[in-house]
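Scroll down for the structure; my scribbles are underneath it.
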Amino acid sequence: MFLLRHTGNDKDFLSTRVSHVFDLKGPSIGVQTACSTSLVAIHYAAQALLNGECDMALAGGVTIELPQGRGYLYQEGEILSPDGHCHAFDHRAQGTVFGSGAGCVVLRRAADAIRDGDHIWAILKGTAVNNDGAAKAGYLAPSVEGQAACVAEAQAVAGVTGDEVSYVECHGTGTYLGDPIEVAALTAAFRETGQGVGHCRIGSVKTNIGHLDTAAGVASLIKVALALHHRELPPSLGFEAPNPAIDFETSPFRVNDRLMPWAAEGRLRFWPRPRRGAHRGKVTGRFSRL
């Protein structure tokens, strides 16, 4: 009985149990990098496809908060929001909220999907993963330089300039210091290949469903894929006025606070940000995808 409970509930058995149930023969790997888990999994799934290790891959993440329906005690200076809402990039940004969720995407090489007539929601043009090491103020403090380097690498892999990107799905936790660091890193990376101001919209799905921890990244990817499908940019909720610590005026970015059409100008692009998170004392790598 103990063995059954262990293999049925421990995170380390999830990937191989799915492979066993669906008779999947390729690489079956569990990834645990806290908030960036599902995006790092997608990165390595894409690499496995490119390396010919498999012809189709499932990648994603799941977080289940227990007990369900619980609240939390707000503490000033901590990551949790004082009012139970995530105000990403807003002047009221003081913290995030957590939630439960799961997401999974099916990945194939584009040529194979086109040949077989698959419905293609989006195409990953380039991915990158890195880590700050010790080059930051503290273990849980994000680094502008590290995030910018990861974004720039993914841009280079994808062959895309900053001026071509019209939307960024950000990590956007709604913390007063985290959001400005994220926008500063994106700005630094975009300035390497572009000079546009205000041409790129940003948003965060955490304002809708909260921070899903290990499933946060795949939720962002699914949001952007749906936005591409419907050719509409959904609003980032809880936005009233910009966080004064963010220099939006000279940056390429503006918060998308209303539903608007996503016109295909030249090549339609999207950019989920360098994914870097800290949760309950665990710091992740980061992930960028185009």
Q) Once the dipole of the chain is set up with Lys and Arg at +1 and Asp and Glu at -1 on Cβ about the Cα centre, which of 54, 128, 105 lies farthest towards its positive end? A) 54
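Quick one: order 221, 66 by neighbouring beta-carbon count within 10 Å, fewest to most. Intermediate values should be presented prior to the final figure.
Values: 221 24, 66 6.
The order, fewest Cβ neighbours first, is 66, 221.
Please state the charge dipole magnitude for the chain, taken about the Cα centre, from unit charges on C-beta atoms (+1 on K and R, -1 on D and E), reported in debye and rounded to the nearest 20. Intermediate values should be presented prior to the final figure.
Working: 27 positive and 29 negative charges, 95 e Å.
So the dipole magnitude of the chain works out to roughly 460 debye.
Expected output is a single nm value to one decimal: the length gained when fully extending between residue 17 and residue 249, i.e. 0.36 nm times separation in residues minus the C-alpha distance. What is it?
Working: separation 232, 0.36 × 232 = 83.52 nm, distance 4.96 nm.
Stretched out fully, the residue 17 to residue 249 stretch lengthens by 78.6 nm.
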(Q) Please list the three semi-axes, largest first and in whole Å, of the ellipsoid equivalent to region 64-181, using sqrt of 5 times the eigenvalues of its alpha carbon gyration tensor. (A) 32, 22, 14
Q. Can you sort 240, 153 by how many other beta carbons sit within 10 Å, fewest first?
A. 240, 153
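Classify the chain as rounded, prolate or oblate from the Cα gyration tensor: take a ≥ b ≥ c as the square roots of its eigenvalues, call it rounded if a/c is under 1.5, otherwise prolate when a/b beats b/c and oblate if not. Don't skip to the end; give the middle numbers.
Working: a/c = 1.64, a/b = 1.14, b/c = 1.44.
Taking the square roots of the gyration eigenvalues as a ≥ b ≥ c, the chain is oblate.
Subtract the Cα-Cα distance of residue 191 and residue 83 from 0.36 nm times their separation in residues, and report this length gain in nm to one decimal.
On the way: separation 108, 0.36 × 108 = 38.88 nm, distance 3.54 nm.
Going from the current span to full extension adds 35.3 nm.
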**Q.** Charge-dipole axis of the chain as Lys and Arg at +1 and Asp and Glu at -1 on Cβ define it, positive-most pick from 71, 32, 7
**A.** 7
Q.
I'd like the Karplus ³J(HN,Hα) series for region 128-143: coefficients 6.51, -1.76, 1.60, θ = phi - 60°, whole numbers in Hz, and an x wherever there's a Gly or Pro.
A. 8, 9, 8, 8, 6, x, 9, 8, 7, 5, x, 4, 9, 8, x, 10
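For 20, 43, 119, what ranking results if the residue with the fewest other Cβ atoms within 10 Å of its Cβ goes first?
On the way: 20 11, 43 24, 119 6.
So the residues, fewest neighbours to most, are 119, 20, 43.
Every number here is computed from the coordinates shown, using simple stated rules; none is lab data. On a predicted model such as this, the values are computed, not experimentally measured, just so you know. Positions of Cβ are backbone-derived with ideal geometry, glycine not excepted, and every protein chain shown enters the neighbour counts.
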